[in-house]
């Protein structure tokens, strides 16, 4: 792939994000720009050339490119402002000199301030990178204008939803990875897929450094570790810049002051009283009244799920189809990983499914209280684990469950690309080869109840398990088995009694 010049916020650019949505831009086998610039003809590209998630862009220079399969489209821009930014970053910064930095960018106050800070302190061009992992369209709106106003030379937006679900969430699901009995690892799984994309972008744009805005506070405590371990694993040559460990900014007011000083428009948003992290798998809530574990969460805090008390009075039944330990269909309808999860989020959310309130042990050693909404994930975990009860024998299940604890710990600690996790994943893939079939569930006012399960590889035999007479299982065989199985206990008792 040619070196990526990406989408620069320094000149007007029209973007289309094609992400397999029902309300997609597909018409007559084409993808069209949703808005039109007066000086450009309508941009169209055959969907056969845009498999997967794609972006189309055009710019003042007239250079237009497109790509599919999660590769980023780029537009070569030669605006006057872009040239001025490049000229301004040739000199050494206050803290050193870097050529180009890829910044994990959200468009919020922190990352908007980081852009000029990087340029001032490292004399570098800044490429803003935003990953779409299902956090919602609102968080993606206006990024182009925000990055431009902050002084970034390029903006790259990449749709990672299918990769996130298929290559990160589903392996954890297959492994049965749950941290400390409750946490389904929503944030933990999202960080490595974002960091990996940043490493890819850095290579494509010729960057020598990456940067993130993790503070290390609240639900950000393990964030720097998860990002940076991925950077180390995939490209140890990259420099890592973590402004919150270097600058003098200590809070929101300092950041606003710095933004004003550098003529960066302050994002005008209503600051939530909660610290939240959202992606296609879950939504987490921390802070405010939740910091006292004795307090009940407010009813209006939840966003993905209705209050179970307000859920429908009639239960809803679902059939989840599973192949080799991975979900593939809902009620007989095959869906891609991201669409399947989105569908279950909607269904589970309206029944109040998937709320978890827990106090967990954070990576840095302290305890922290968090409330999580994971409606689709709760449904999928219930279904997959139930099907395993038919297809996996006792000894294998015990080993799998014990390894699942370590697997979850590795993911939580940011060690996704650790050889140990990868080896464990190979084991999980092997032992779930026959975990194929379907599970029927009943959703009702916050609960998920299994009502049926079936598999062509089921180890359950009705003719053996039945209370009726069986040719294979003879009750008389039990006597010898019990005598031998209980022999150690019998010998110990004989020793104590002097027999």
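Part of a helix (DSSP H, G or I), surrounded by 24 or more Cβ atoms within 10 Å (Cβ to Cβ) and touching a helix residue (DSSP H, G or I) at 6+ places or on another chain (Cβ under 9 Å): does that describe residue 115?
yes
Would you mention how many residues in region 403-444 are surrounded by fewer than 17 Cβ atoms within 10 Å (Cβ to Cβ) and at positive phi?
Residues that pass the stated criteria total 0.
Looking at region 328-336, is at least one residue crowded, with 17+ Cβ neighbours inside 10 Å, in contact (Cβ under 8 Å) with a residue 40 or more places away in the chain and touching a helix residue (DSSP H, G or I) at 6+ places or on another chain (Cβ under 7 Å)?
No.
Residue by residue through region 153-176, note down the ones that are outside any helix (DSSP H, G or I) and crowded, with 22+ Cβ neighbours inside 10 Å.
Once the filter is applied, which keeps residues that are outside any helix (DSSP H, G or I) and crowded, with 22+ Cβ neighbours inside 10 Å, region 153-176 yields 153, 154, 155, 156, 157, 158, 159, 160.
Scan region 142-152 and tell me whether some residue there is within 15 Å of the chain's Cα centre (by Cα) and buried (at least 24 other Cβ atoms within 10 Å of the Cβ).
No, region 142-152 has no match at all.
Do the conditions hold for residue 440, that is, is it touching a residue at least 12 places away in the same chain (Cβ under 8 Å), more than 27 Å from residue 134 (Cβ to Cβ) and in contact with a strand residue (DSSP E or B) (Cβ under 6 Å, 6 or more places away or on another chain)?
no
Out of curiosity, is residue 180 more than 18 Å from residue 113 (Cα to Cα), under 16 Å from the mean Cα position of the chain (by Cα) and surrounded by fewer than 22 Cβ atoms within 10 Å (Cβ to Cβ)?
So residue 180 does not fit the description; no.
From the list 365, 377, 352, which one is in a loop (DSSP other than H, G, I, E, B) and at pLDDT 95 or above?
Just one listed residue meets the conditions, 352.
Could you list, in sequence order, all residues of region 380-400 that are in a loop (DSSP other than H, G, I, E, B) and touching a helix residue (DSSP H, G or I) at 6+ places or on another chain (Cβ under 9 Å)?
Correct list: 392 only.
What residue, among those in region 312-327 that are part of a loop (DSSP other than H, G, I, E, B) and touching a helix residue (DSSP H, G or I) at 6+ places or on another chain (Cβ under 9 Å), is surrounded by the most Cβ atoms within 10 Å (Cβ to Cβ)?
325
Among the residues of region 485-499, count how many are loosely packed, with under 10 Cβ neighbours inside 10 Å and either in contact with a strand residue (DSSP E or B) (Cβ under 7 Å, 6 or more places away or on another chain) or closer than 20 Å to residue 395 by Cβ (or both).
Summing the residues that are loosely packed, with under 10 Cβ neighbours inside 10 Å and either in contact with a strand residue (DSSP E or B) (Cβ under 7 Å, 6 or more places away or on another chain) or closer than 20 Å to residue 395 by Cβ (or both) in region 485-499 gives 1.
When the residues of region 447-465 are narrowed to those that are part of a loop (DSSP other than H, G, I, E, B) and loosely packed, with under 12 Cβ neighbours inside 10 Å, which ends up nearest to the chain's Cα centre (by Cα)?
For region 447-465, the residue satisfying everything is 456.
The values are calculated or read from the model by the stated rules, or taken from the named source; none is laboratory data. Only a predicted model underlies this, so the values are computations on that prediction, with no experimental measurement involved. Neighbour counts are summed over all protein chains in view; Cβ atoms, including those assigned to glycine, are modelled from backbone coordinates with ideal geometry.
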